[in-house]
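Note sheet for the following structure.
Here, each number is a calculation from the coordinates, and none is a lab measurement. Every value quoted in this text rests on a predicted model; they were computed, and no experiment measured them. Note that each Cβ is placed from the backbone with ideal geometry, even for glycine, and that neighbours are counted across all protein chains shown.
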Amino acid sequence: MQITIENLCKFFGKVKAVDNLNLDIADKEFVAFLGPSGCGKTTTLLMIAGIYKPTSGYIRFGDRVVNHLLPKERNIGMVFQSYALYPHMTVFDNIAYPLTLKKVNRKEKKQRVQRVADMMGIGELLDRKPGELSGGQQQRVAVARALVKEPAILLFDEPLSNLDAKLRLRMRGEIKRLQEDLSVTSIYVTHDQVEAMTMANRIAVMNHGILQTYGTPNQLYEYPDTLFVAGFIGSPPMNFLKIDLEQEGDGLYLVRRELKIRLPEEIAAQVKPSVVPSQVIMGIRPEDVHIVPANEGDFDAEIYVVEPLGREDLVSFRLGEEEFRALTPAPFKGGVGTIMGLNLTKEKIRLFDPDTGNSVLKSNK
Ligand SMILES: Nc1ncnc2c1ncn2[C@@H]1O[C@H](COP(=O)(O)OP(=O)(O)O)[C@@H](O)[C@H]1O
Ligand SMILES: [Mg+2]
């Protein structure tokens, strides 16, 4: 089922929870809504589900405007962070509940509940009460209950947040696989960029109720449109450095006290002419910063701290007031206070306007 969101707004008094959202979700697509707490993810999801009424704007399923449809008329399955199971009912009755509401006959109900329960690996637990299940099993029951209706759309609201890290990893893979197998158009709300990156076909990044960007995980990682997206996606996060952008001869240079870097032709060609010269923010990811002996890199810097991550070490440098990080194969042999050279993979340099936060590179996708 294709979903189209047009100029969608939801205000609670003066709070603009969702501010003029426009979004297209293709049939069978898995889209993540990603952003910090309070950015309007749940509000958007609840409008799609029909639980909240939009202040203005339209939601379409296929060609049909659904604004006026009740939740039960929308053919949606929903999974929440709090599993929202009925504690006094068995697992069977919890999963069967949507079918009971629709007065599906006993035999068909039994078959359908058993099928989704088996699919979720809880087929043996149907006689138990939710209180007799682990958190992971309870969440599987909640997913099974959403699936049993065979909905046209699945909505997930931070479904894994209450699980421990190991289980979260496992359920992440299982939900992704399930979505692929069932080919149900799905929206997955999360504040966890790793979840969004690993699961979704496309990610809508929101902040303060406003859509920041919408693209594939790879687009968002490689060519973030804004500083917010650049800093939100990726861990450890992208390095940012205030720097002057200047023309010299036929080259574009990034210049500050300790360094002068000529932009490679492929990046220079993307820089919007109107921003030369000006101060910009250079962004580069820690994996694109390489530690070399002093005087042999693009610039030198002093080691501030070394953090072992197992496979790699994260080495932080101080550049004036700012921090600059490099990911380097472990074990890194270099002590705090040592001066090292840093070499940037210059094709990976990204540039942003310090006032608007927007990328100053054009046609970057
Ligand atoms: N029922 C409500 N009444 C008033 N304000 C609300 C209500 N629901 C959400 N909000 C506000 O709207 C904004 C977005 O909330 P929400 O959609 O829950 O964010 P998210 O799910 O991204 O954490 C927040 O500022 C929140 O306080
Ligand atoms: Mg929420």
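Could you list Lys362, Lys348 so that the one with the fewest beta carbons within 10 Å of its beta carbon is first and the one with the most is last?
Lys362, Lys348
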Would you mind checking segment 29-72 for residues with the amide N under 16 Å from a putative spin-label position 7 Å along Cα→C-beta of Asp192? 32-37
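Hey, fewest Cβ within 10 Å first, where do Glu195, Glu312 land in order? Show your work: numbers first, answer last.
Values: Glu195 24, Glu312 18.
By the 10 Å Cβ count, ascending: Glu312, Glu195.
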Over all Cα pairs of segment 218-271, how is the pair count split among 10 Å bins, expressed in % and running from 0 up to the last occupied bin? 21, 41, 35, 4
Charge dipole (segment 236-352, unit charges on Cβ, about Cα centre) - positive-most of Asn295, Ala326, Ile261: Ala326
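Any idea what the dipole of segment 34-112 comes to, in debye rounded to 20, about its Cα centre with Lys/Arg Cβ at +1 and Asp/Glu Cβ at -1?
Charge dipole, segment 34-112, about its Cα centre: 340 debye, nearest 20.
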Cross-link candidates for Lys14: which lysines have Cα within less than 16 Å, leaving aside residues fewer than 8 places away along the same chain? none
Rounded to the nearest 20 debye, dipole of segment 67-220 from Cβ charges on Lys, Arg, Asp, Glu: 520 debye
Could you work out how far apart the two model spin labels at Glu266 and Asp24 are, taking each label as a point 7 Å from the Cα in the direction of the beta carbon, and quote it in nm? 2.8 nm
D (µm²/s, integer) via Stokes-Einstein for segment 78-121, Kirkwood Rh across alpha-carbon pairs, 4 °C, 1.567 mPa s: value 116 µm²/s
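Set the Förster distance to 30 Å, then compute FRET efficiency between Glu73 and Glu180 from the Cβ-Cβ distance, nearest 0.05.
Numbers: r = 27 Å, r/R0 = 0.91.
Approximately 0.65, to the nearest 0.05.
Place a +1 charge on the Cβ of each Lys and Arg in the chain and a -1 charge on the Cβ of each Asp and Glu, then give the dipole magnitude about the Cα centre in debye, rounded to the nearest 20. All intermediate terms of the calculation are to be shown ahead of the outcome.
Numbers: 46 positive and 46 negative charges, 459 e Å.
Value, rounded to 20: 2200 debye.
Counting pairs of alpha carbon atoms under 8 Å apart in space and at least six apart in sequence, what relative contact order in percent does the chain give? Each step should come with its number before you reach the end.
Values: 757 pairs, mean separation 55.6, N = 365.
RCO, the chain: 15 percent.
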Which one, Leu99, Asn358, Ile153, is farthest towards the positive end of the dipole of the chain when Lys and Arg carry +1 and Asp and Glu -1 on their Cβ? Leu99
Given the Cα atoms of segment 3-231, and with Rh set as the inverse mean 1/r over their pairs in the Kirkwood sense, what is Rg to Rh to two decimals? 0.97
Just to be sure I understand the model, the point goes 7 Å from the Cα along the line to the Cβ. What's the resulting Lys102 to Glu222 distance in nm? 4.2 nm
Under 1.5 on a/c is rounded, so check that first for segment 281-340, then, if it is not, pick prolate when a/b is larger than b/c and oblate when it is not; a ≥ b ≥ c are the square roots of the alpha carbon gyration tensor eigenvalues. rounded
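What FRET efficiency would be calculated for the residue pair Ala152, Asp93, taking the C-beta separation as r and a Förster radius of 30 Å, to the nearest 0.05? Don't skip to the end; give the middle numbers.
Values: r = 24 Å, r/R0 = 0.81.
My answer for the efficiency is 0.80.
Sorted by mean Cβ packing within 10 Å, highest first, what order do the peptides 152-159, 103-110 take? Kindly include the intermediate steps, with their values, before the conclusion.
Working: 152-159: 21.9, 103-110: 12.0.
In descending order of packing, they fall as 152-159, 103-110.
If a/c stays under 1.5 just call it rounded; otherwise compare a/b with b/c (prolate if a/b is bigger, oblate if not). Do that for segment 134-250, with a ≥ b ≥ c from the square roots of the Cα gyration tensor eigenvalues. Working shown, then result.
On the way: a/c = 3.00, a/b = 2.27, b/c = 1.32.
The shape class here is prolate.
Which of the peptides 326-339, 32-45, 87-100 is most tightly packed, and how do the rest follow, going by the mean number of other Cβ atoms within 10 Å of each residue?
Working: 326-339: 13.5, 32-45: 22.1, 87-100: 18.4.
Output ranking for 326-339, 32-45, 87-100: 32-45, 87-100, 326-339.
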Sort the following peptides by mean Cβ neighbour count (other Cβ atoms within 10 Å, averaged over residues), highest first: 185-194, 137-146. 137-146, 185-194
Which of the aspartates and glutamates could a cross-linker span from Lys41 if the Cα-Cα distance has to be under 14 Å and same-chain partners fewer than 8 positions apart are dropped? Asp19, Asp157, Glu158, Asp192
Which of the pairs Lys166/Lys333; Lys129/Lys166; Lys242/Lys346; Lys260/Lys348; Lys10/Lys72 have their Cα atoms more than 27 Å apart in this structure? Lys166/Lys333
Diffusion constant of segment 236-352 at 37 °C, which comes from Stokes-Einstein with the Kirkwood Cα-pair radius and 0.692 mPa s, µm²/s: 224 µm²/s
Among Tyr223, Met171, Tyr83, pick out the residue whose Cα is farthest towards the positive end of the charge dipole of segment 3-231, where Lys and Arg carry +1 and Asp and Glu carry -1 on C-beta, about the Cα centre. Tyr83
Take the Cα of Leu309, step 7 Å along the line toward its Cβ, and report every residue of segment 227-259 whose backbone nitrogen sits under 20 Å from that point. 228-241
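Based on the Cβ-Cβ distance of Lys14 and Val292, what FRET efficiency does E = 1/(1 + (r/R0)^6) give at R0 = 56 Å, to the nearest 0.05? Mind showing how you got there, number by number?
On the way: r = 53 Å, r/R0 = 0.95.
Efficiency, rounded to the nearest 0.05: 0.60.
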